[in-house]
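Only one structure is covered here, and it is reproduced in the block below.
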Amino acid sequence: MDLLRSDACRRDDGTDGKGGTTFLENELPGIDDLTEQLRFSPGTGHIWLGDERMVLMHTQAMRALREELITTIGMSATKSLLMRIGYASGVKDAELAVKVRGERTFNEFFLVGPQLHALEGVGRVEPISVQFDPKSGQFYGEFVWHDSWEDEVHIDSYGITAEAACWTQLGYASGYTSTFVGRPIAYKEVECRATGHTACRIIGRPLSEWGTEADHDLLYLKPQDFVNARSAPINSAGAREEVMTAEGRPPVIASSKSLVGASAGFNLVCHMLEKVAPTNASVLLLGESGVGKEVFARTLQRISSRPNGPFIAVNCAAVPEQLIEAELFGVVKGAYTGATEDRPGRFERADGGTIFLDEIGTLSLPAQGKLLRVLQEREVERVGDTKTRRVDVRVVAATNENLRKRVEAKEFRQDLFYRLNVFPVVIPPLRERRADISLLMEHFLQLFNKRHGKSNAGFTQRAIGALFSYSWPGNVRELENMIERGVILAPPGEAIDLCHLFTSGESIDAQLLSMAANGRLEKCRSSGSSDGYHGAVDLDGLVNNLIDTGVGLDALEGLLLDKAISRADGNVSEGARILGLTRPQYAYRLKRKSEIKSD
């Protein structure tokens, strides 16, 4: 377990008495590597922190914004909004921390957050206690905030109040820590200058460990009650207890079809769903394959005015063209060979509910024409029948294609496009909403632990770093599959590691960026050891140097094996993890190395 302790816990031998490392305030890592990431370009009007553009703002302007928000939308809604803004900022700073100090110890690069807090002018952070055990997923963090700008502007506006006021910073701490730990971490501000204390003090724990104590505060990170569902509590009789929401609906219980996220892009989509849900308007979900369009469609049905109606999903790409009409609209007995009975189509079966037409862009032009008529008239005619049937159906379509370009290419009917495009909702890819990754990791970990009877509690730090560095071409579906794979491969009770996740040739490319003289960002080159963290290394240059010096493949493999076992203090399992191998693979290579040496 990695530990950070205040001076009161320090021993003469430099440890905290529990096997962890102690850091004092004056022993925090230097910030030269962080200040190098901060660049000003007055000529172009840009400020950069790493590869992210920043802005400087007057605290008095922020004070005016807080006052206006509180006046117009209320204290609770303002707190919720500012906490989500802070959460997104914390995730971005955590990504920078992995890039800058990813090759160093957990303690050193976790402290990037407190140091960036000061560098960005938010306030000074004093770490009191940080404890993290990747194997069990346990985390405890306690910090003191000095001279918080949020307290200053809040006290200027409202004086000493009964409620803590560091809302943006509280969200920041949750987003930053959740990214590192790979599971949702919630912080509570137990002391605050705005309530009369001399400084602010926060405590962070995994969401599951807070129980009902933090339910009220955690709601502020949820723009809607239908996202980030938690498991219902179990009563003494073994039944799940349901407490009605403020709107009078039963709560959404976590499942594989639950919406999970906290990023700005995710929240925007949820707001759009909330706006259109009470209407009967057609909805067109747009986004790459794997972003979870069906999950969003099912959620739309659940929060709509017809939640008890049927939800009928059709994968248009999976239905043969000659059967699509019968599949959608139904068939009567004898209409064609094999039609031995009357059968209602998907539209009839969805009457009173929602029909979800996935991959709508794959429909042929004749099928598009028949679908258009149904959308216009709200009537279906079974194949081989002469009678029409009225249907009351909410249509939700989805595609990963650019339908406008397909219309221009005469591959998709323009009139059908406008029928479907009444309320378009664009779902961003996972690489553009990395703030959702830690929540999704925890969600899928719990889901697949239960499904497969496993007890894996968390992820190693290098696995977390790799998951945040990966480009996710398969989006949420790929993450879901990868976490399930990790749950299956990892030994029960142990943390999921790289060798349990990236087993199908996925390319991990976490690169450092620096700004050239012309102001453009470009890749850094570093020859430092990654120690299992996937930092930026000039592999081409390294390989060329090895070849030029005549180092053979066997010698190179032997050196890697020796370094790994040395760094792991002789622990074969840990040595295997460092190299991203399974224990049997590592043991085999060690045995082979010994045989080559003896020959």
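Every number in this text was worked out from the coordinates using simple rules, so none of it is lab data. Since we're looking at a predicted model, the values are computed, not measured. Neighbour counts are summed over all protein chains in view; Cβ atoms, including those assigned to glycine, are modelled from backbone coordinates with ideal geometry.
Can you tell me which of 579-592, 30-43 comes out highest on packing, and rank the rest after it, using the mean Cβ neighbours within 10 Å?
Numbers: 579-592: 16.1, 30-43: 12.9.
Top to bottom by mean Cβ count within 10 Å: 579-592, 30-43.
Order 338-346, 323-331 from most to least packed using the mean count of other Cβ atoms within 10 Å. Walk me through the numbers on the way to the answer.
Details: 338-346: 14.7, 323-331: 20.4.
Result, highest mean Cβ count within 10 Å first: 323-331, 338-346.
Sorted by mean Cβ packing within 10 Å, highest first, what order do the peptides 80-88, 566-574 take?
Working: 80-88: 21.8, 566-574: 13.0.
In decreasing order of mean packing, 80-88, 566-574 become 80-88, 566-574.
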Obtain the nm distance between the two label points defined at ALA61 and ASP562 by a simple spin-label model: each point lies 7 Å from its Cα along the Cα-to-C-beta direction. 5.9 nm
FRET efficiency for GLU163 and ALA118, Cβ-Cβ distance as r, R0 = 35 Å, nearest 0.05? 0.90
Which listed pairs, of LYS99/LYS563; LYS135/LYS454; LYS370/LYS405; LYS99/LYS135; LYS92/LYS275; LYS92/LYS563, have C-alpha distances above 25 Å, in listed order: LYS92/LYS275; LYS92/LYS563
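Among DSSP bridges having both ends in segment 264-427, what percentage is antiparallel? Round to the nearest 5. Walk me through the intermediate numbers first.
Numbers: 5 of 23 bridges.
Given both bridge residues lie in segment 264-427, the antiparallel proportion sits at roughly 20 percent.
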